[in-house]
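In what follows, a single structure is set out as structure tokens and then discussed.
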Amino acid sequence: ITLEQEGFLRLEPASGLYALDTAVIRLASTALAGSSLVKLAGPVLDDLRGHLNEAVQLSLRRGGDVIILDNRQSAHLVKTFHSIGHQYAAYRGSAAGKVLLAWLSEEAVTGLLPPAGNWAANTERTITDLEGYLVALAETRARGYAVNDGETERGVWSVAAPLRDHQGIVQGAL
């Protein structure tokens, strides 16, 4: 039995390359459904979305990336959101990325970031250097939450708060 027959991969005729198929989605949703963080955060996501009528999401860090574990969409006609499982570089301006890196040591943070000069900007507000990013992380620690003021997309503003475990270690972002 092959990965293709089981629905994990499919051959793309145009390119001749394999791509992930729907069985991967089933596998991922099973893993997420068993996550205690997803289970515990679900009612909080529901409550926040109900009070704010804005999109809310639960994220965690894997290396230097942010991964969306769960979300709730707003009822607004115009929406901005990432789907569950979406992964992106934490340093690219998102509030969740700042929260997930802010309480790490400076050495740990710099080890997760690309070399100087390789920071692409999403907008004119995106921080594109180590010094500026470390300042933003210090501001996040002092405030207790992070802000994205048009850094990932013009006109988009968001905040993120850390989710801490029983020892006070940041395990996720909301």
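The values are calculated or read from the model by the stated rules, or taken from the named source; none is laboratory data. Remember, predicted model here, so these are calculated numbers, not experimental data. Cβ: placed from backbone, ideal geometry, glycine included. Neighbour counts: every protein chain shown. We work out accessible area using only protein heavy atoms, side chains counted, and drop any ligands, DNA or RNA first. Shrake-Rupley method; radii C 1.70, N 1.55, O 1.52, S 1.80 Å.
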Members of the range 37-66 that are open to solvent by 30 Å² or more (accessible area, probe 1.4 Å) and under 23 Å from residue 104 (Cα atoms): 37, 57, 61, 62, 63, 65
Matching residues in the range 137-153 - criterion: being open to solvent by 10 Å² or more (accessible area, probe 1.4 Å) and not basic (Lys, Arg): 138, 139, 142, 144, 145, 147, 149, 151, 152, 153
Residue 51, sole failed condition from (1) at pLDDT 85 or above; (2) in contact with a Leu (Cβ under 6 Å, 6 or more places away or on another chain): (2)
Neighbours by Cβ (under 7 Å, 6+ apart or cross-chain): first from the range 130-159, small (Gly, Ala, Ser) and at pLDDT 95 or above; second outside any loop (DSSP other than H, G, I, E, B) and open to solvent by 40 Å² or more (accessible area, probe 1.4 Å): 146/159
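Counting only residues that are over 15 Å from residue 132 (Cα atoms) and touching a Phe, Trp or Tyr at 6+ places or on another chain (Cβ under 9 Å), which one in the range 73-94 is modelled with the highest pLDDT? Reasoning before the result, please.
Looking only at the range 73-94, we keep the residues that are over 15 Å from residue 132 (Cα atoms), and these are 73-89.
Cutting the leftovers down to touching a Phe, Trp or Tyr at 6+ places or on another chain (Cβ under 9 Å) gives us 73-74, 82.
Values: 73: 86, 74: 82, 82: 75.
Of everything passing the filter in the range 73-94, 73 is modelled with the highest pLDDT.
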All positions within the range 78-113 that are touching a helix residue (DSSP H, G or I) at 6+ places or on another chain (Cβ under 7 Å), open to solvent by less than 70 Å² (accessible area, probe 1.4 Å) and part of a loop (DSSP other than H, G, I, E, B): 85, 90, 91, 113
Residues located in the range 114-136, provided they are within 22 Å of residue 170 (Cβ to Cβ) and open to solvent by 50 Å² or more (accessible area, probe 1.4 Å): 130, 135
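Give me a count of the residues in the range 158-174 that are more than 17 Å from residue 41 (Cα to Cα) and surrounded by fewer than 14 Cβ atoms within 10 Å (Cβ to Cβ). Explain how you work it out, then say what you get.
Narrowing the range 158-174 to residues more than 17 Å from residue 41 (Cα to Cα): 158, 167.
From the residues that got through so far, the ones that are surrounded by fewer than 14 Cβ atoms within 10 Å (Cβ to Cβ) too are 167.
Final tally of qualifying residues: 1.
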Number of the condition not met by residue 15 [criteria: (1) modelled with pLDDT of 85 or more; (2) surrounded by 12 or more Cβ atoms within 10 Å (Cβ to Cβ)]: (2)
